[in-house]
1. If I compute solvent accessible area with a 1.4 Å probe over the protein chains, what percent of it on region 39-90 is carbon and sulfur?
2. With respect to the cross-link table entries Lys48/Lys92; Lys25/Lys92; Lys71/Lys92; Lys71/Lys100, which display a Cα-Cα separation exceeding 32 Å?
3. Taking a point 7 angstrom from the Cα of Lys70 along the C-beta vector, which residues in region 94-117 have backbone N less than 17 Å away?
4. With the other protein chains left in place, how much accessible area per residue, in square angstrom, belongs to the chain at a 1.4 angstrom probe?
5. Rounded to the nearest 0.05, what FRET efficiency is calculated for Ser18 and Phe87 with R0 set to 30 Å and r the Cβ-Cβ distance?
Amino acid sequence: RSSVDIFTEQAFGDCTVSLEVMVPKGSNSGIYMMGNYEVQVLDSYGKKTVGAGDIGGIYGAAAPKVNASKKPGEWQEFISEFQSPRFTDGKKVANAVFKKVTLNKQVIHENVEVKGAGGGNLGGGEKATGPLMFQGDHGPVAYRNIRISVPESK
């Protein structure tokens, strides 16, 4: 049985990503902003305490404030407001920040700074832009109604 990561051809920096995900019982995936910074997708339904490796966790950085997970097999809505890392003359001057993340209309993160690329990233280090990536190697998962919006240029 083979698996594959799926990613956008277009690269994004600051953006808001909204999507729906369905996670079967025991399955696991991840949504990678810029191909580097992972929001965990995992069957975490019913857990009283959740960590950074549970659904909505920012992998390697922060556990969700609450377990907003629905039952396995139900569609769940994620909205992530993301600020890309900042660079001046090729040097990083500010880390990436998850400004706000909601799962099923509950705020699970606010202003979480991410110091570097997470495990399972696309490689190539941190950049000003990168693709949206869906991890495909830890069991079945379905995504739908994926929308990416970017701030208007000034």
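The values are calculated or read from the model by the stated rules, or taken from the named source; none is laboratory data. Computed from a predicted structure; not experimentally measured. Quick reminder, even Gly has a Cβ in these numbers, built from the backbone with ideal geometry, and neighbours come from all protein chains shown. Protein only, heavy atoms only, side chains kept; ligands, DNA and RNA dropped before computing areas. Shrake-Rupley method; radii C 1.70, N 1.55, O 1.52, S 1.80 Å.
1. Result for region 39-90: 47 percent of the exposed heavy-atom area is carbon or sulfur.
2. Beyond 32 Å between Cα atoms: Lys48/Lys92; Lys25/Lys92; Lys71/Lys92.
3. 102-108
4. Accessible surface, normalised per residue, equals 53 Å².
5. 0.70
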